[in-house]
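The values are calculated or read from the model by the stated rules, or taken from the named source; none is laboratory data. None of the values given here were measured: they were computed from a predicted structure. Here the Cβ positions follow ideal geometry from the backbone for every residue, glycine too, while neighbour counts run over all protein chains shown.
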């Protein structure tokens, strides 16, 4: 019996690569990325997923029964208002349309907490009355609604704040780790923003679990506990033994940034029945150790 074919876009990216590690062996896995892995257990493809025609051709040629769409603009500091968000939106519509047209059975889209406006309460999946404040959030929300309108089984993951191995070095957690390891001040914003951090291994496992579920529509994926930016920075400072290097308030807060952005996880916990295995303390320790090892490797190479 032939295995059902699953297509994963953005498979070498931060989120996609960790989803890939958790996918069930019962699938014939095809992965799309800007760079191809040497993993012989997976069929790799390269494609320009910002091009609607290319997306349609990809689905037509592969005819996947399952689809996880993670690929998007991710350049740090740029993606919020990048013009490419419009390209990703239109190409994503073409991808999902073709998936339905060519007999696809179940699609998962990777969205973002930026689809929500600010709220003092944990955000439910239906709390999208306030328009997103960024092009990125607006495009993701529009694509989620488009996918939901198609007559195909689908779910849309609203990701909160993933961190861990493979994250862009310029993002918050890696940048603090790297500064601490270089014995330099870790410059942070006010640190008062309340956020929900989930380790990337847990996020990958949750999305892989979602593929084989019957859950429909948007679903928040996060950790049952939240923390402020400042608390996370101070935890990292304590791991290094240099809390004095954490400089809260040294950088301005991002304009328009919500003071509170945390999820209601009722669907994740009750319907998907997924509980993250990695606590914030453990996850930050794993991440700090990763960057410590990377720093040691870089130092060794420099000294050769």
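Considering only residues that are surrounded by fewer than 23 Cβ atoms within 10 Å (Cβ to Cβ), in contact (Cβ under 8 Å) with a residue 40 or more places away in the chain and farther than 22 Å from residue 270 by Cβ, which ones fall in region 138-160?
Answer for region 138-160, where residues must be surrounded by fewer than 23 Cβ atoms within 10 Å (Cβ to Cβ), in contact (Cβ under 8 Å) with a residue 40 or more places away in the chain and farther than 22 Å from residue 270 by Cβ: 138, 142, 146, 150, 151, 152.
Considering only region 100-121, state which residues are surrounded by 22 or more Cβ atoms within 10 Å (Cβ to Cβ) and closer than 17 Å to residue 57 by Cβ.
Residue satisfying the conditions is 104 alone.
All but one of (1) surrounded by 15 or more Cβ atoms within 10 Å (Cβ to Cβ); (2) in contact with a strand residue (DSSP E or B) (Cβ under 6 Å, 6 or more places away or on another chain); (3) free of Cβ contacts under 8 Å to residues at least 60 places away in the same chain hold for residue 82, so report the exception by its number.
(2)
On the given criteria, is residue 47 without any contact (Cβ under 8 Å) to a residue 24 or more places away in the chain and touching a helix residue (DSSP H, G or I) at 6+ places or on another chain (Cβ under 9 Å)?
yes
Say we look at region 247-276 and pick out the residues that are modelled with pLDDT under 95 and farther than 22 Å from residue 236 by Cβ; which of these is surrounded by the most Cβ atoms within 10 Å (Cβ to Cβ)?
258
Counting only residues that are closer than 22 Å to residue 127 by Cβ, assigned to a loop (DSSP other than H, G, I, E, B) and touching a helix residue (DSSP H, G or I) at 6+ places or on another chain (Cβ under 9 Å), how many does region 259-294 have?
At the first step, the residues of region 259-294 found to be closer than 22 Å to residue 127 by Cβ are 259-272, 274, 276.
From what is left, the residues that are assigned to a loop (DSSP other than H, G, I, E, B) are 259, 262, 264-265, 272, 274, 276.
Checking which are touching a helix residue (DSSP H, G or I) at 6+ places or on another chain (Cβ under 9 Å) leaves us with 262, 272, 274, 276.
Here the count works out to 4.
Could you tell me how many of the residues in region 177-222 are free of Cβ contacts under 8 Å to residues at least 60 places away in the same chain and touching a strand residue (DSSP E or B) at 6+ places or on another chain (Cβ under 7 Å)?
1
Only one of (1) modelled with pLDDT under 95; (2) surrounded by fewer than 20 Cβ atoms within 10 Å (Cβ to Cβ); (3) more than 28 Å from residue 125 (Cβ to Cβ) is not met by residue 33, so which one is it?
(2)
Go through region 111-223 and tell me which helices (runs of 4 or more DSSP H), entirely inside it, have 2 or more residues that are over 27 Å from residue 84 (Cα atoms) and at pLDDT 95 or above.
Numbers: elements: 135-149, 172-181, 200-211.
It comes to 172-181, 200-211.
Listed here are the residues, each with its yes/no results for (1) in a strand (DSSP E or B); (2) under 22 Å from the mean Cα position of the chain (by Cα); (3) at pLDDT 95 or above; (4) within 18 Å of residue 147 (Cα to Cα).
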residue	(1), (2), (3), (4)
1	no, no, no, no
49	no, yes, yes, yes
56	no, no, yes, yes
61	no, no, yes, no
88	no, yes, yes, yes
94	no, yes, yes, yes
97	no, no, yes, yes
103	no, no, yes, yes
